[in-house]
Amino acid sequence: MRPRVTVIEDNPDNRLLVEVLLENTYELTLFENGKAALEGMAEAAPDVVLLDISLPGMDGPEVLTRMRQMPELAAVPVVALTAHAMAGDRERYLEMGFDAYVSKPITDEKRLLSTIEDLLRRGSSATA
Ligand code: MN
């Protein structure tokens, strides 16, 4: 069975790009906002989440906070996706509790895939 990856991203172009890059490798589920994503993930927890920082309504850090309060989602690794790459961002997002960080625009397909694969390996070794 292919690993399940959930993508939470409000920008349709970015969503489409991630879909094209990942759909052949993973079982993908895409959401446009945090509320829909939390409801969907509560029913079927993914193995890894790609979470846009800047979302309408509930932003990425808020979605992460809520996930960590839900027993079924508390341990799911979450990758921060941000368009506003600045010095110190990586450290800031890791401090917030994100497990990894990828800046947009996503131009390096291999880096995105290796980030996801690292987190999947970490997850499976934790339960082994
Ligand atoms: Mn956004």
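The values are calculated or read from the model by the stated rules, or taken from the named source; none is laboratory data. Keep in mind the model is a prediction, meaning the values are calculated, not measured. Note: ideal-geometry Cβ built from the backbone for every residue, glycine included; neighbour counts use all protein chains shown. When the accessible area is computed, the model is the full protein with side chains, heavy atoms only, and any ligands, DNA or RNA have been set aside. Shrake-Rupley method; radii C 1.70, N 1.55, O 1.52, S 1.80 Å.
Quick look at the values:
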| quantity | calculated |
| --- | --- |
| So T65, is it more than 14 Å from the ligand (Cβ to nearest atom), polar (S, T, N, Q) and within 12 Å of the chain's Cα centre (by Cα) | no |
| Number of the condition not met by V48 [criteria: (1) away from the ligand (no atom under 14 Å from the Cβ); (2) at pLDDT below 95] | (2) |
| Qualifying positions in the stretch 1-25 - within 14 Å of E109 (Cα to Cα) and outside any helix (DSSP H, G or I) | E23, N24, T25 |
| Residue match in the stretch 52-59 (condition: assigned to a loop (DSSP other than H, G, I, E, B), open to solvent by less than 20 Å² (accessible area, probe 1.4 Å), at negative phi and within 13 Å of the ligand (Cβ to nearest atom)) | yes |
| Hits in the stretch 26-51 - residues which are open to solvent by 70 Å² or more (accessible area, probe 1.4 Å) and in a loop (DSSP other than H, G, I, E, B) | E32 |
| Condition met for M96 (surrounded by 13 or more Cβ atoms within 10 Å (Cβ to Cβ) and modelled with pLDDT under 95) | yes |
| Qualifying residue in the stretch 5-21 (condition: open to solvent by less than 40 Å² (accessible area, probe 1.4 Å), acidic (D, E) and under 15 Å from the mean Cα position of the chain (by Cα)) | yes |
